[in-house]
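Notes follow once the structure below has been shown.
The values are calculated or read from the model by the stated rules, or taken from the named source; none is laboratory data. Just so it is clear, the structure is predicted and the values come from calculations on it, not from any experiment. Neighbour counts are summed over all protein chains in view; Cβ atoms, including those assigned to glycine, are modelled from backbone coordinates with ideal geometry. These accessible areas exclude ligands, DNA and RNA; they are computed on the full protein's heavy atoms, side chains included. Shrake-Rupley method; radii C 1.70, N 1.55, O 1.52, S 1.80 Å.
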Amino acid sequence: GKALYPTCKDVYMNDPELGHYVVVVGGGITGLETAIHLVQKGHKVTLMTRQKEVGHDNDIPMHNIKMAFITQGKDGKYYESSAWSIYNEETLNFITEATTKAVKDNAVTYVDAAGAEHTLKADSVVICGGSKKLDDEALAYAGTARKLYVIGDANGAGNIQKCNRQAFATVMRI
């Protein structure tokens, strides 16, 4: 059936209409990238993860994350900005060691590290937890062209950064 809540993929591919206050469930690097993207679009975001830190699956240190966006400086020139340049507690908050129990009516019920249960209400909820390889979906295209290049999540579940790098490297070989 149809998903009850938008996913990270929906945020990037379908641009769903989301309320001002958004909770992103899933704090891996893809959830973090999605949260930053939503902050850039003007949303206030709380990112929840069951891990001890956000972006736990990132292959580079957190302070090195760069997003592909440009800002104009006071001198009129354009500069690449660090993803963290938009961070402040008014726009992006983190809840770590939170195990999600339920998502219902734009409210997320979770258990914290001490075992206490909490409910966090939002205008919208985005689900960014869990991913899997999409081998069967990719191989369905076999035989439609002389060559088939399997990239992104079809080649092994990965974050947005890894998938984009892999796509770029593949295109450069063609």
### Query
Which residues, taken from segment 125-154, are within 25 Å of Val24 (Cβ to Cβ), at pLDDT below 85 and not in a loop (DSSP other than H, G, I, E, B)?
Glu137, Gly152, Asp153, Ala154
### Message
Here is a check on your reading of the model: is Gly76 over 19 Å from the mean Cα position of the chain (by Cα) and at pLDDT 95 or above?
### Response
no
### Query
How many residues does segment 1-47 hold that are in contact with a Phe, Trp or Tyr (Cβ under 8 Å, 6 or more places away or on another chain) and open to solvent by 50 Å² or more (accessible area, probe 1.4 Å)?
2
